[in-house]
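Nothing in this text is a laboratory measurement; each read-out follows from the coordinates by a stated rule. Bear in mind the structure is a predicted one, so any value in this text is a computation, not a measurement. As a convention, Cβ positions derive from the backbone with ideal geometry for all residues, glycine included, and neighbour counts pool all protein chains shown.
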Amino acid sequence: MDKAASKKVRAAAKSWLTRADTALKSALNTMTNVMTTVPSAIAMEKKKMEIALREFDVRLNAYDAAQHQVELVLEEDEIEADIVTVGVYRDGVMDTRVQVELALERMNPQNPSLCDDALSSASRSS
């Protein structure tokens, strides 16, 4: 694959990953809003977050594979700058992933103290 085609594949993967990141942020915001509601609503939103997280991981893996393809066709003097640029974007979407993982841990019924902390912090922020 040539450089132009590799960059096109990466751009598409980035768009898909951005959509997955937006979906995770939306699920996280919704979960924060329902933390004080009935347990069935919390369970439903938790499931949505888990599904969105799996989709995110698929998109992240595709983006990483596309990035690898771009790196293979870049000139040696272009690689470092490209990795820095891509790294900033990747770090941003990974922050969202970490926030979702932490929210899911707080909602784990096997860890009632964390679940209680999540509920009390959600009610304080409302």
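A few points about this structure:
- Ordered by the number of other Cβ atoms lying within 10 Å of each residue's own Cβ, fewest first, Asp95, Asp82, Asp2 fall into the sequence Asp2, Asp95, Asp82.
- Placing +1 on the Cβ of every Lys and Arg and -1 on the Cβ of every Asp and Glu, with no other charges, gives the stretch 1-47 a dipole of roughly 300 debye about its Cα centre.
- In sequence order, calculated HN-Hα J values of the stretch 79-90 (Karplus, 6.51, -1.76, 1.60; Hz; x Gly/Pro): 5, 4, 4, 5, 5, 4, 4, 5, x, 4, 4, 4
- Each Lys and Arg Cβ is given +1 and each Asp and Glu Cβ -1; about its Cα centre, the stretch 1-110 then shows a dipole of about 800 debye.
- Only lysines eight or more places from Lys7 in sequence, or on another chain, were considered; those with a Cα closer than 30 Å are Lys25.
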